[in-house]
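See below for the structure under consideration.
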Amino acid sequence: MNEQTPGRRGSDRCLLVTKEFSTTPTSGGMLRTLAMFEQLSAHYETTVISPDNILIAGPGNSRPTRPSSWGVARGLSEKVRNTTTFQRYRSISGVRIGGRALLANLRRGASGHYRAGIVDHTCLAGLAGGLATGCDQVLVSMHNIESDLMEQRAKVAASAVTWIPMAVETRLLRRLEAAAAALDGVGGGSAPAASGSTPATGGASRRRRRAGARPADGGGGAGGSGTGRRGRPRGSGTRSKQALELVRSRPGISIPEMAQEMGIQQNYLYRVLPALQKDGLVRKEGRGWHPLEAA
(Lines give C-alpha, C1' and ligand atoms only; values in the text may rest on other atoms or scores of the structure.)
Protein backbone atom coordinates (compact mmCIF):
# COMPACT_ATOMS: atom_id res chain seq x y z
CA MET A 1 0.00 0.00 0.00
CA ASN A 2 1.24 3.45 -0.87
CA GLU A 3 1.02 6.58 1.27
CA GLN A 4 -2.24 8.41 1.90
CA THR A 5 -3.53 10.31 -1.13
CA PRO A 6 -4.53 13.87 -0.13
CA GLY A 7 -8.21 14.66 -0.30
CA ARG A 8 -9.38 11.03 -0.32
CA ARG A 9 -11.52 9.71 2.51
CA GLY A 10 -11.31 6.03 3.42
CA SER A 11 -15.05 5.91 4.12
CA ASP A 12 -15.72 6.65 0.42
CA ARG A 13 -13.30 4.14 -1.09
CA CYS A 14 -13.13 0.38 -1.61
CA LEU A 15 -10.40 -1.88 -2.99
CA LEU A 16 -11.14 -5.10 -4.92
CA VAL A 17 -8.26 -7.50 -5.65
CA THR A 18 -9.08 -10.36 -8.01
CA LYS A 19 -7.31 -12.97 -10.13
CA GLU A 20 -9.00 -11.91 -13.39
CA PHE A 21 -11.15 -8.99 -14.46
CA SER A 22 -12.65 -7.63 -17.67
CA THR A 23 -15.50 -5.32 -18.60
CA THR A 24 -16.34 -7.95 -21.24
CA PRO A 25 -16.38 -11.14 -19.11
CA THR A 26 -15.82 -14.52 -20.72
CA SER A 27 -16.65 -16.77 -17.74
CA GLY A 28 -19.12 -17.01 -14.89
CA GLY A 29 -16.47 -16.02 -12.35
CA MET A 30 -15.53 -12.90 -14.31
CA LEU A 31 -19.20 -12.01 -14.70
CA ARG A 32 -19.68 -12.29 -10.94
CA THR A 33 -16.64 -10.10 -10.23
CA LEU A 34 -17.80 -7.48 -12.73
CA ALA A 35 -21.24 -7.41 -11.08
CA MET A 36 -19.60 -6.94 -7.68
CA PHE A 37 -17.44 -4.11 -9.03
CA GLU A 38 -20.40 -2.36 -10.65
CA GLN A 39 -22.46 -2.67 -7.47
CA LEU A 40 -19.68 -1.25 -5.30
CA SER A 41 -18.74 1.55 -7.70
CA ALA A 42 -22.35 2.75 -7.76
CA HIS A 43 -21.89 3.79 -4.11
CA TYR A 44 -18.14 4.15 -3.51
CA GLU A 45 -15.00 5.05 -5.40
CA THR A 46 -13.81 1.53 -6.12
CA THR A 47 -10.45 0.36 -7.41
CA VAL A 48 -10.27 -3.11 -8.94
CA ILE A 49 -6.84 -4.67 -9.40
CA SER A 50 -6.04 -7.85 -11.33
CA PRO A 51 -2.84 -9.15 -12.97
CA ASP A 52 -3.59 -7.26 -16.21
CA ASN A 53 -5.98 -4.49 -15.17
CA ILE A 54 -6.27 -1.50 -12.89
CA LEU A 55 -9.65 0.20 -13.06
CA ILE A 56 -11.06 2.97 -10.88
CA ALA A 57 -14.75 3.82 -10.96
CA GLY A 58 -17.27 5.53 -8.73
CA PRO A 59 -20.66 7.21 -8.81
CA GLY A 60 -20.66 9.11 -12.10
CA ASN A 61 -16.99 8.38 -12.83
CA SER A 62 -15.11 5.66 -14.75
CA ARG A 63 -11.37 6.01 -15.36
CA PRO A 64 -9.48 2.93 -16.58
CA THR A 65 -5.69 2.95 -16.45
CA ARG A 66 -3.32 1.16 -18.81
CA PRO A 67 -2.65 -2.47 -17.83
CA SER A 68 0.83 -3.52 -16.79
CA SER A 69 2.85 -4.60 -19.84
CA TRP A 70 5.82 -6.29 -18.20
CA GLY A 71 3.97 -8.13 -15.48
CA VAL A 72 1.88 -10.52 -17.57
CA ALA A 73 3.67 -13.89 -17.69
CA ARG A 74 5.36 -14.42 -21.04
CA GLY A 75 7.56 -17.45 -21.55
CA LEU A 76 9.48 -19.67 -19.18
CA SER A 77 11.69 -16.93 -17.68
CA GLU A 78 8.73 -14.96 -16.34
CA LYS A 79 7.14 -18.12 -14.91
CA VAL A 80 10.39 -18.85 -13.07
CA ARG A 81 10.46 -15.31 -11.68
CA ASN A 82 6.88 -15.71 -10.50
CA THR A 83 7.98 -18.50 -8.15
CA THR A 84 9.67 -15.88 -5.99
CA THR A 85 6.20 -14.61 -5.02
CA PHE A 86 5.19 -17.84 -3.25
CA GLN A 87 5.89 -16.36 0.18
CA ARG A 88 3.22 -13.72 -0.51
CA TYR A 89 0.53 -15.95 -2.00
CA ARG A 90 1.21 -19.22 -0.16
CA SER A 91 -0.60 -21.09 -2.93
CA ILE A 92 0.44 -22.52 -6.27
CA SER A 93 -2.58 -21.00 -7.99
CA GLY A 94 -1.76 -17.56 -6.61
CA VAL A 95 1.78 -17.73 -7.99
CA ARG A 96 0.60 -19.06 -11.36
CA ILE A 97 -2.37 -16.71 -11.84
CA GLY A 98 -1.31 -13.59 -9.95
CA GLY A 99 2.46 -13.77 -9.88
CA ARG A 100 4.55 -10.61 -10.09
CA ALA A 101 1.99 -8.89 -12.33
CA LEU A 102 -0.71 -8.69 -9.66
CA LEU A 103 1.75 -7.55 -6.99
CA ALA A 104 3.11 -4.85 -9.30
CA ASN A 105 -0.37 -3.58 -10.15
CA LEU A 106 -1.26 -3.62 -6.45
CA ARG A 107 1.71 -1.35 -5.73
CA ARG A 108 0.78 0.93 -8.62
CA GLY A 109 -2.98 1.08 -8.15
CA ALA A 110 -3.59 0.94 -4.39
CA SER A 111 -2.97 4.19 -2.54
CA GLY A 112 -4.21 5.80 0.64
CA HIS A 113 -6.89 4.46 2.91
CA TYR A 114 -9.93 2.31 2.12
CA ARG A 115 -13.11 1.52 3.95
CA ALA A 116 -12.84 -2.12 2.83
CA GLY A 117 -10.45 -4.33 0.91
CA ILE A 118 -11.91 -7.40 -0.78
CA VAL A 119 -9.66 -10.28 -1.83
CA ASP A 120 -11.79 -12.09 -4.39
CA HIS A 121 -10.47 -15.64 -4.38
CA THR A 122 -9.10 -18.18 -1.92
CA CYS A 123 -5.81 -18.54 -3.83
CA LEU A 124 -5.09 -14.83 -3.19
CA ALA A 125 -5.90 -15.00 0.53
CA GLY A 126 -2.23 -14.70 1.43
CA LEU A 127 -2.38 -11.04 0.33
CA ALA A 128 -4.95 -10.13 2.99
CA GLY A 129 -2.37 -9.36 5.66
CA GLY A 130 -0.62 -6.83 3.44
CA LEU A 131 -3.88 -4.99 2.79
CA ALA A 132 -4.80 -4.79 6.46
CA THR A 133 -2.71 -1.70 7.21
CA GLY A 134 -4.52 0.35 4.56
CA CYS A 135 -8.12 -0.84 5.02
CA ASP A 136 -10.61 -0.58 7.87
CA GLN A 137 -11.56 -4.18 7.20
CA VAL A 138 -10.43 -6.89 4.80
CA LEU A 139 -12.66 -9.63 3.44
CA VAL A 140 -11.54 -12.83 1.74
CA SER A 141 -14.22 -14.13 -0.60
CA MET A 142 -14.45 -17.92 -0.70
CA HIS A 143 -17.54 -18.18 -2.89
CA ASN A 144 -16.08 -21.37 -4.33
CA ILE A 145 -14.18 -23.51 -1.84
CA GLU A 146 -11.16 -24.02 -4.03
CA SER A 147 -9.60 -26.78 -1.94
CA ASP A 148 -12.64 -29.00 -2.58
CA LEU A 149 -12.32 -28.44 -6.32
CA MET A 150 -8.60 -29.21 -6.25
CA GLU A 151 -9.22 -32.39 -4.27
CA GLN A 152 -11.80 -33.53 -6.83
CA ARG A 153 -9.36 -32.84 -9.66
CA ALA A 154 -6.61 -34.75 -7.87
CA LYS A 155 -8.88 -37.80 -7.52
CA VAL A 156 -9.35 -38.03 -11.27
CA ALA A 157 -5.77 -37.12 -12.20
CA ALA A 158 -4.32 -39.47 -14.78
CA SER A 159 -0.75 -39.53 -13.46
CA ALA A 160 1.44 -38.63 -10.51
CA VAL A 161 2.81 -35.70 -12.50
CA THR A 162 -0.58 -33.98 -12.22
CA TRP A 163 -1.76 -35.55 -8.95
CA ILE A 164 1.17 -34.42 -6.78
CA PRO A 165 0.88 -30.64 -7.38
CA MET A 166 -2.91 -30.86 -7.05
CA ALA A 167 -2.62 -32.67 -3.72
CA VAL A 168 -0.07 -30.13 -2.46
CA GLU A 169 -2.27 -27.24 -3.59
CA THR A 170 -5.27 -28.76 -1.82
CA ARG A 171 -3.37 -28.65 1.49
CA LEU A 172 -2.15 -25.10 0.91
CA LEU A 173 -5.61 -23.81 0.02
CA ARG A 174 -7.19 -25.50 3.03
CA ARG A 175 -4.70 -23.74 5.29
CA LEU A 176 -5.57 -20.41 3.69
CA GLU A 177 -9.31 -21.08 4.02
CA ALA A 178 -8.99 -22.09 7.65
CA ALA A 179 -6.76 -19.12 8.48
CA ALA A 180 -9.08 -16.64 6.78
CA ALA A 181 -12.14 -18.06 8.52
CA ALA A 182 -10.45 -18.19 11.92
CA LEU A 183 -9.30 -14.57 11.83
CA ASP A 184 -12.76 -13.18 12.40
CA GLY A 185 -14.99 -16.10 13.41
CA VAL A 186 -18.55 -15.18 14.30
CA GLY A 187 -19.86 -11.65 14.20
CA GLY A 188 -17.08 -10.18 12.09
CA GLY A 189 -17.31 -7.13 9.86
CA SER A 190 -18.92 -7.17 6.45
CA ALA A 191 -18.15 -5.28 3.28
CA PRO A 192 -19.81 -1.91 2.79
CA ALA A 193 -23.31 -2.69 1.61
CA ALA A 194 -24.31 -1.86 -1.92
CA SER A 195 -28.05 -2.01 -2.54
CA GLY A 196 -28.47 -3.57 0.88
CA SER A 197 -26.26 -6.60 0.35
CA THR A 198 -22.75 -7.74 1.21
CA PRO A 199 -20.68 -7.90 -2.00
CA ALA A 200 -18.48 -10.84 -1.05
CA THR A 201 -21.27 -13.20 -0.10
CA GLY A 202 -20.17 -16.53 1.23
CA GLY A 203 -16.70 -15.15 1.92
CA ALA A 204 -14.59 -15.30 5.02
CA SER A 205 -14.11 -11.87 6.53
CA ARG A 206 -11.47 -10.48 8.81
CA ARG A 207 -10.87 -7.20 10.62
CA ARG A 208 -7.64 -5.26 10.43
CA ARG A 209 -5.00 -6.68 12.70
CA ARG A 210 -1.67 -5.35 13.82
CA ALA A 211 1.05 -5.20 11.21
CA GLY A 212 3.30 -8.24 11.09
CA ALA A 213 0.84 -10.63 12.75
CA ARG A 214 0.84 -14.01 11.04
CA PRO A 215 -2.39 -15.71 9.89
CA ALA A 216 -3.52 -18.41 12.24
CA ASP A 217 -2.68 -21.33 9.98
CA GLY A 218 -0.49 -22.85 12.68
CA GLY A 219 1.30 -25.09 10.18
CA GLY A 220 -1.47 -27.68 10.42
CA GLY A 221 -2.39 -30.22 7.79
CA ALA A 222 -5.24 -30.42 5.35
CA GLY A 223 -8.81 -30.04 6.48
CA GLY A 224 -8.23 -26.87 8.43
CA SER A 225 -6.86 -28.50 11.56
CA GLY A 226 -4.00 -25.99 11.92
CA THR A 227 -5.90 -22.89 12.97
CA GLY A 228 -3.35 -21.94 15.60
CA ARG A 229 -5.82 -22.46 18.44
CA ARG A 230 -5.17 -24.48 21.54
CA GLY A 231 -7.45 -25.94 24.15
CA ARG A 232 -10.77 -27.61 23.47
CA PRO A 233 -10.99 -30.31 20.76
CA ARG A 234 -12.63 -29.57 17.45
CA GLY A 235 -16.40 -30.06 17.45
CA SER A 236 -16.78 -29.39 21.18
CA GLY A 237 -17.66 -25.69 20.83
CA THR A 238 -21.20 -24.34 21.09
CA ARG A 239 -21.39 -23.41 17.40
CA SER A 240 -20.07 -26.81 16.35
CA LYS A 241 -22.68 -28.55 18.47
CA GLN A 242 -25.43 -26.35 17.06
CA ALA A 243 -24.29 -27.08 13.51
CA LEU A 244 -24.17 -30.82 14.21
CA GLU A 245 -27.67 -30.78 15.71
CA LEU A 246 -29.00 -28.94 12.66
CA VAL A 247 -27.45 -31.51 10.33
CA ARG A 248 -28.98 -34.33 12.35
CA SER A 249 -32.42 -32.73 12.49
CA ARG A 250 -32.40 -31.52 8.86
CA PRO A 251 -30.31 -33.89 6.71
CA GLY A 252 -29.25 -32.24 3.48
CA ILE A 253 -29.17 -28.71 4.93
CA SER A 254 -26.76 -26.36 3.15
CA ILE A 255 -24.28 -23.96 4.75
CA PRO A 256 -26.25 -20.82 3.74
CA GLU A 257 -29.42 -22.32 5.27
CA MET A 258 -27.52 -23.30 8.40
CA ALA A 259 -25.97 -19.83 8.76
CA GLN A 260 -29.41 -18.20 8.44
CA GLU A 261 -30.88 -20.57 11.02
CA MET A 262 -28.05 -19.91 13.48
CA GLY A 263 -27.85 -16.18 12.77
CA ILE A 264 -24.12 -16.21 12.02
CA GLN A 265 -21.86 -15.63 9.02
CA GLN A 266 -21.31 -18.44 6.55
CA ASN A 267 -17.51 -18.18 6.75
CA TYR A 268 -17.45 -19.72 10.23
CA LEU A 269 -19.36 -22.80 9.00
CA TYR A 270 -16.96 -23.30 6.09
CA ARG A 271 -14.39 -24.07 8.78
CA VAL A 272 -16.61 -25.99 11.20
CA LEU A 273 -18.30 -28.42 8.79
CA PRO A 274 -15.10 -29.78 7.17
CA ALA A 275 -13.70 -30.30 10.69
CA LEU A 276 -16.82 -32.25 11.70
CA GLN A 277 -16.49 -34.24 8.47
CA LYS A 278 -12.88 -35.12 9.24
CA ASP A 279 -13.94 -36.22 12.73
CA GLY A 280 -16.41 -38.67 11.15
CA LEU A 281 -19.58 -36.91 12.32
CA VAL A 282 -21.02 -35.60 9.05
CA ARG A 283 -20.69 -36.15 5.30
CA LYS A 284 -21.20 -33.84 2.32
CA GLU A 285 -23.40 -34.70 -0.64
CA GLY A 286 -23.65 -31.99 -3.29
CA ARG A 287 -24.31 -28.74 -1.42
CA GLY A 288 -26.02 -30.49 1.49
CA TRP A 289 -24.66 -31.96 4.72
CA HIS A 290 -25.85 -35.21 6.28
CA PRO A 291 -25.15 -36.99 9.57
CA LEU A 292 -22.72 -39.82 8.98
CA GLU A 293 -25.08 -42.40 10.41
CA ALA A 294 -27.51 -41.54 7.60
CA ALA A 295 -25.01 -42.75 4.97
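The values are calculated or read from the model by the stated rules, or taken from the named source; none is laboratory data. Here the structure is a predicted model, which means the values were calculated and not measured. No Cβ is skipped: glycine too gets one built from the backbone with ideal geometry, and neighbour counts run over all protein chains shown.
Could you please let me know if V72 is hydrophobic (A, V, I, L, M, F, W, C), modelled with pLDDT under 90, farther than 20 Å from R32 by Cβ and in a helix (DSSP H, G or I)? Spell out the reasoning first.
Numbers: hydrophobic (A, V, I, L, M, F, W, C): yes; modelled with pLDDT under 90: yes; farther than 20 Å from R32 by Cβ: yes; in a helix (DSSP H, G or I): no.
No; evaluated as a whole, the condition is false for this residue.
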- How many of the residues in segment 131-166 are under 21 Å from A116 (Cα atoms) and of a type in the set (S, T, Y)? 2
- Matching residues, segment 83-129, being surrounded by fewer than 23 Cβ atoms within 10 Å (Cβ to Cβ), in a strand (DSSP E or B) and out of contact with any Cys (no Cβ under 7 Å at 6 or more places or on another chain): S111
- Report yes if some residue within segment 140-150 is without any contact (Cβ under 8 Å) to a residue 12 or more places away in the chain, surrounded by fewer than 24 Cβ atoms within 10 Å (Cβ to Cβ) and either not small (G, A, S) or not in a loop (DSSP other than H, G, I, E, B) (or both); otherwise report no. yes
